Amino acid sequence: MSAWTVDWFSSAAMFPHWVEYGDAAFFWRAPPTYDPLIVYQPRTWLLRVGWTRGGPPISAREVPSAR
């Protein structure tokens, strides 16, 4: 598990806006036994589009600030 880029047991695996994706439309290679979670697409403007106005795309390597 320490070699995983994302936590496969969270909805992060289905998030399409990671900076690591670049122009690729495919997700990271999942473990062979991975069964995708059901993740609903956001319905509000803020969760669909608005959050992208807050800065650059999110990296999977970022760590939340302690500030």
* To do: Among the residues of the range 35-49, write down those that are open to solvent by less than 100 Å² (accessible area, probe 1.4 Å) and under 16 Å from the mean Cα position of the chain (by Cα).
  => PRO36, LEU37, VAL39, PRO42, VAL49
* Asked: Of all residues in the range 33-67 being among the aliphatic types (A, V, I, L, M) and part of a helix (DSSP H, G or I), which is modelled with the highest pLDDT?
  -> LEU46
* To do: Select, from TRP8, TRP28, TRP4, the only residue that is in contact with a Ser or Thr (Cβ under 9 Å, 6 or more places away or on another chain) and at pLDDT below 80.
  => TRP28
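The values are calculated or read from the model by the stated rules, or taken from the named source; none is laboratory data. Keep in mind it's a predicted model, so treat the numbers as computed, not measured. Because the Cβ atoms are built from the backbone with ideal geometry, glycine has one as well, and the counts that use them run over all protein chains shown. Protein only, heavy atoms only, side chains kept; ligands, DNA and RNA dropped before computing areas. Shrake-Rupley method; radii C 1.70, N 1.55, O 1.52, S 1.80 Å.
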